[in-house]
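Since the structure comes first, as structure tokens, the remarks are kept for the end.
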């Protein structure tokens, strides 16, 4: 294989291209260690050694660091590794590595997400947010089952919180204000029956 290009990313990091295709990112000292220069020939055995001993190892360490920084979804972690220019197979191995220790769990992430936000957002909003984060639909549903064991109460409390936040008082609101709050809550994904029950039985201190 031929080193066709070495593209600087910084003073110490470089993208290495083999036979015209991007292969991996190495640091300056690693270029010297493996005698990688533009136009040089490099054996497949050396390439595989670099991938296993340097790139894959670094991807695992990077994945661990990213999860220490904050909890992430599998899709989110994969995207961060992609942005870090880790090859797809290196990113996949890193993901499987952290999953084997229980550090990456989409269901746990979804359950925590629902648990901490169900008091201010509707199920439809939560579902949309989790789908955008790359959580599979079956895990979202499982998270809802865990987080909404008292589904009706959970949705009603979310509506009450919004009414308090918007300082909406049913006993003093006129028809136009009431229609407006119904429409607002419906757009946020709350069911009509839930909205009606809360507004009819509203107690600001509940």
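Each value in this text was obtained by applying a stated rule to the coordinates, not by laboratory testing. Computed from a predicted model, the values in this text were never measured in an experiment. Quick reminder, even Gly has a Cβ in these numbers, built from the backbone with ideal geometry, and neighbours come from all protein chains shown.
The table below lists the values:
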| item | result |
| --- | --- |
| Percent RCO, i.e. relative contact order, over the chain, from Cα pairs under 8 Å lying at least 6 residues apart | 14 percent |
| Rg/Rh for segment 1-73, where both radii come from Cα atoms and Rh is the Kirkwood radius | 1.04 |
| Ranking of 66, 126, 85 by count of other Cβ atoms within 10 Å, fewest first | 85, 66, 126 |
| Cα convex hull of the chain, projected area averaged across orientations, nm² | 15.9 nm² |
| Histogram of C-alpha separations across segment 106-200, 10 Å bin width, % | 16, 46, 26, 10, 1 |
| From the C-alpha gyration tensor of segment 1-42, square roots of 5λ in Å | 15, 12, 7 |
| √(5λ) per eigenvalue of the Cα gyration tensor, segment 71-139, largest first, Å | 25, 13, 9 |
| Bins of 5 Å, starting at 0 and running to the largest distance - Cα pair percent for segment 51-104 | 4, 23, 39, 23, 8, 1 |
